[in-house]
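Undergrad: Before we start, here is the structure in question, set down as structure tokens.
What follows draws every value from the coordinates through simple rules; no lab data is involved. Since this is a predicted model, take the numbers as computed values, not measurements. All Cβ positions, glycine included, derive from the backbone under ideal geometry; neighbour counts span all protein chains shown.
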Amino acid sequence: MTEFWLISAPGEKTCQQTWDKLMGATTGTSNLSINNKFNIPDLKVGTLDVLVGLSDELAKLDTFVEGVVKKVAQYMADVLEDSRDKVQENLLANGVDLITYITRFQWDMAKYPIKQSLKNISEIVSKQVTQIDNDLKARASAYNNLKGNLQNLERKNAGSLLTRRKKAFIWLVFEDNESGLFSVTLFRKAVDDFKHKARENKFTVRDFQYNEEEMKADKEEMARLSTDKKKQFGPLVRWLKVNFSEAFIAWIHIKALRVFVESVLRYGLPVNFQAMLLHPHKKNMKKLREVLYDLYKHLDSGAAIIDASMDIPGLNLSQQDYYPYVYYKIDCSLLDFKV
């Protein structure tokens, strides 16, 4: 299971005590989840009004960046075609697998300087991922056109007898598992009558004019397209690997920003909270949610306990919408492919 819960709770006397309290309630004999501290640096807080506005903007940015991560990953699978079993080994973040990156998350100071305001950091991410999205569209369009042209020629020359060019085998009788091809020479005055009788007997009749130059041109075009596809394949896969990593890293930084902003809005100033990453055991998700509620219900008496798999009819609300503690889901199963 590749679902993680990124939560935060206010620091007790120390943030370490907050961490110890969570570990005591969810690990050991209860064995509800595997937990890691999620390190978020001291970011610039700004004003309350800015934080409120930024909270909404980050929610939209989170959805957008997740979508780009999905698209890059899916296109990687499409490009690899017969090697789809190798997709996961190409989907890395900073050179490590995704679970390792998430559980050992460290803020990238070079990409996202913490001396910048929260809004500026979010704009850096937005600009970066928008560029990846635009580049993906352009590269995918060019490669798909090349691939499509090659497939069309291959179908004409190696498809079923209904679509295949007859000039490749007109000089002999040809058959496959579905059909047989017969070349027939007729007097001109007998052509129409022959076609009529042939169709009555469920034969498909196609006129043919032999053109050796056209055959040669088709072979040369197929060779050229095949060579171009091979030339583009390597650089395209490398680009996808690099930019998947960039997009995924950006996505997790957006999650970190959301936790920081929401924690300040909920728990107030000075900044004092512990961010924690939980990897729930699937069979214990409901129990884990109940334990977390008992642990943190004092933070907001108005927050009702919600079953871990329950949606609220008519309100378009799910378990992700509100808990007494800050909570965001990171679901890496969006990167799982049937191979």
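Undergrad: Using the structure shown, list the pairs from 197/219; 111/287; 44/127 with a Cα-Cα distance above 28 Å, or answer none.
TA: Numbers: 197/219 35 Å; 111/287 39 Å; 44/127 20 Å.
Violating the 28 Å limit, Cα to Cα: 197/219; 111/287.
Undergrad: A further question on this structure: Using alpha carbons only, how many angstrom separate the centre of the stretch 24-44 from the centre of the stretch 247-289?
TA: Their Cα centres are 10 Å away from one another.
Undergrad: In what order do 29, 103 fall by count of nearby beta-carbon atoms within 10 Å, going from fewest to most?
TA: Working: 29 4, 103 16.
Ordered by Cβ neighbours within 10 Å, fewest first: 29, 103.
Undergrad: If each residue's Cβ is checked for other Cβ atoms within 10 Å, how do 150, 257, 6 rank with the fewest at the top? Numbers along the way, then the final one.
TA: On the way: 150 17, 257 24, 6 21.
Exposure proxy ranking, most exposed first: 150, 6, 257.
Undergrad: Would you give the gap between the C-alpha center of the stretch 121-158 and the C-alpha center of the stretch 64-83, rounded to a whole Å?
TA: First find each Cα centre; the distance between them is then 11 Å.
Undergrad: Which of rounded, prolate or oblate describes the stretch 24-142 when judged by the alpha-carbon gyration tensor and an a/c cut-off of 1.5? Walk me through the numbers before you get to the answer.
TA: Working: a/c = 2.23, a/b = 1.15, b/c = 1.93.
Oblate shape, in that a/c is at least 1.5 and b/c is the bigger or equal ratio.
Undergrad: Give a residue-ordered list of calculated ³J(HN,Hα) values for the stretch 135-146 (Karplus: 6.51 cos²θ - 1.76 cosθ + 1.60, θ = phi - 60°; whole Hz; x for Gly, Pro).
TA: Couplings: 5, 4, 4, 5, 5, 5, 4, 5, 5, 5, 4, 4 Hz.
Undergrad: Can you put 5, 19 in order of Cβ neighbours within 10 angstrom, beginning with the fewest?
TA: Ordered by Cβ neighbours within 10 Å, fewest first: 19, 5.
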